[in-house]
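I have placed the structure first, in the form of structure tokens, so that the comments after it can refer back to it.
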Amino acid sequence: MSSEAGAVFPCANGRPAAEVAPGPSRGSHPADPYDLIGVGFGPSNLALAIAVEELDPGRSCLFLERNTGVRWHPGMLIEGARMQISYLKDLVSLRNLASPYTFLSYLKAKGRLEKFINVGASRPTRLEYQDYLSWVAAHFGHVVRYESEVVAVVPVASPGSETLDLLHVRVRDAGSAEFHDLYARNVVHAGGGTPRRGAPGQICDASSVIHSSTFLDAFPARFPDHDAALDLGVVGDGQSAAEITSHVLKGYPNARVHLFVPGYALRATDNNPFANEQFYQRNAGEFYASGARRRTILRTELRNTNYGAVEAGHLDELYDITYADEVRGAPRLVVHRASHVSRVVEDGERLSVEVRDRTDGPDRTMVCDGLVLATGYTRELHPAVFGELTPLLSRDESGELLVTADCRVRTDERVTAGFYVQGYAESAYGVGDTLLSLLPFRSQQIVDDIRGRLPAGRPVAVEEPAPYPPSHYVETDLDRIRSLMERFNFATVISVARDARVLVTHVPLVVERDRGGEHGMLIGHLDRSNPQVELLRDRPVTVVFHGPDAYLSPDVLKTDRLPTWNSMSVHVRGHARLFSGRDELMRVFNGLCEQAEGESGSYWLRPDDTRIEQLRGQVVGFEVDIHELTGRFKLSQELDEANRELAAADMARGTSAERQAFIERAFDLQPRPDVLGPPGGPGVGGCPVGGARAAGGTTAVADNERETAR
Ligand code: NAP
């Protein structure tokens, strides 16, 4: 921990944290910590973000990711490389099939669902999976900070606490290079693995020695000439080694590839369905419950379901390449059996690669132009980040972290904050610990454990927002609300796509008071080519009706007020459904004519009008079953009666008598001819809001005035 941080906040030595200056935002002071901070925003913590939203939405949480976005093994997103698991093992499906964040939801949102089914592959490409992760992450922008590198996690005591009940998370902002201090009751570390490069000094740091984790960027940058005659080495026998070997053989036709494998040959991944049962939730739980010896035996036995093994189809592909080389009389792949690369040093422009024979054969030295280390990853808590926490974490006799079934690391009793790890305790959870299969279940366990550990009776930290609209502006008279909808029926229809795109259409609607539930229904129609049509197919929808509005100048009033704006609107939330039947569409067409023309109007569409069929081809009808109506009538309610009359008159000034009457009724004032207009004008008081309904279910209107008041 840097002295800068150590001077400000207390840590394992128990100095209380109260001296820390309060920060301006959530979580920046120990008195106002997050419930949860996630370190890293890869698949594990993405699954956790989904679980928090779906299972415990009141929880305050923040995820910190050092990259500019979700980057899942970018160095290995080799074109065409496929996932090794089914798309159904996404971040959430196994826990909640109805989640909006399933892989299928992603495909639907991207418009590729039918094509994906048509392709018939159950394992997406890694590129598509990365795109899925980015799509999910885009929904959680409000709980993640990118370009934020966690540089220290230190246990501290909150003000008045006798235990280390918080974790202080020190973050470096990549953009500004500034440090920030955050506090959380729980930290979930899912920072991924560290590329395995051998013991210090064993393998030199030359730019021609590239770990598989950076392969796609670093290799072509170092070897830009694809036609060069090179000797290139690849170390390892796992999926990365095989994919990189194929990729180099395809992209560098004149290169010779030396593949150093620790065993006799490359081996096929054991993904037979019986072995794969280890990834069932129940079996993973059984593994955890087993004794240490049994776990060790099982891990060894199941190692080739994941490590040091290559998907069988890919082995065939690689072998086909080598066979084609034989046919051409130019073999290019040399497999070095039983080889452990023990040392790599620079040899001028080239590399000297020392190879130890694992079957007691002679050691040898090879000279290569470049070397890719497909040597896998280690999973350890980084000492620089967790150095002050590590001594307080419990470990077994072989040094492995002791964890609960819910991924929480057991600690010294002084620590009561929760420290969870995803992917750092394979000895306890089995091979699935670093893989994707169990993420939906594991994230639920973590969420449940955190919920259970918060002090009893402690309210979840949700800031109750002030009610909106303010209660004094909310119109509760259903009749008035409906009257506004009928009178001002040119509405705004708003839909939100799964990828958060908002689509908006302005259309006239018919209010059907007597259909549907207590609030009635809306019906209307859209152009068939309108992209919003698809979002009205059995989907939630919001509709806004805009009533009169007007600027209210202080000069109008007999009181000293700031200028304001009065207005009336109604928000409808409901469920939309499409229809295209002739009778239903006729109801829309004639309902609109009737609503607009009123009693005095005479136009209506005859059922035998030949143009109707043509119109049917161009439009599609929709109805909205209204679940919720919110009337926002902001009408100077804070003023006294006399000033409200002036405000009403000002809003009504210059409008038709019918609109004047509407406004008068909405303001809930007794008619005052001297204020509201000339007596006996057509419709003054003659068409009150919520007045008698004409045949066909619409409100009678005296005229068809629709201009803006001012
Ligand atoms: P890996 O499976 O851990 O394989 C690395 C291999 O390198 C090990 O067998 C290791 O042998 C060997 N090795 C390490 N140091 C060595 C040395 N000095 N000399 C010779 N051999 C050495 O690593 P990976 O292939 O990168 O795979 C990691 C994970 O990523 C796996 O879960 C894999 O399935 C996944 N992955 C998936 C895809 C895909 O979905 N398409 C692609 C790539 C990777 P020892 O253990 O004996 O040292």
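Backbone amide hydrogens, once placed in the peptide plane, bring H525 within less than 5 Å of F622, excluding anything fewer than 5 places away on its chain. Could you point to the residue in Y288, A275, G524 farthest towards the positive end of the chain's charge dipole, with +1 and -1 charges on the Cβ of Lys/Arg and Asp/Glu respectively? Toward the positive end, the furthest listed residue is A275. A Stokes-Einstein calculation at 4 °C with viscosity 1.567 mPa s, built on the Kirkwood radius of the chain over Cα pairs, returns a diffusion coefficient of 42 µm²/s. Here the residues F633, F223, ranked from fewest to most Cβ neighbours within 10 Å of their Cβ, fall in the order F223, F633. Placing unit charges on the Cβ atoms only, positive for Lys and Arg and negative for Asp and Glu, gives the chain a dipole magnitude near 1040 debye about its Cα centre.
Got a sec? How would I78, I203 order by Cβ neighbour count within 10 Å, fewest to most?
I78, I203
Computed about the Cα centre, the dipole magnitude for segment 517-579 is approximately 180 debye when only Lys and Arg (+1) and Asp and Glu (-1) carry charge, each at its Cβ.
In this Cβ point-charge picture (+1 for Lys and Arg, -1 for Asp and Glu), segment 226-336 has a dipole of about 540 debye about its Cα centre. Spatial offset of segment 379-427 relative to segment 93-156 amounts to 28 Å, using the alpha carbon center of each. Residue pairs exceeding 29 angstrom between C-alpha atoms, taken from K110/K250; K89/K115; K108/K634: K110/K250; K108/K634.
Length gained on full extension, E413 to D514, computed as 0.36 nm times the residue gap minus the Cα-Cα distance: 29.8 nm. Charge tally for T245 (other residues, Cβ to Cβ under 13 Å; Lys, Arg +1; Asp, Glu -1): -2. Rank G370, V257, V156 by how far each Cα sits towards the positive end of the charge dipole of the chain (+1 on Lys, Arg Cβ; -1 on Asp, Glu Cβ) and give me just the farthest. Result: V257, furthest along the dipole toward the positive end.
Laboratory data are not the source of any read-out in this text; all were calculated from the coordinates shown. In this text the structure is predicted, and so the values were computed from the model without any measurement. Positions of Cβ are generated from backbone atoms using ideal geometry, with glycine treated the same way; all protein chains shown enter the neighbour counts.
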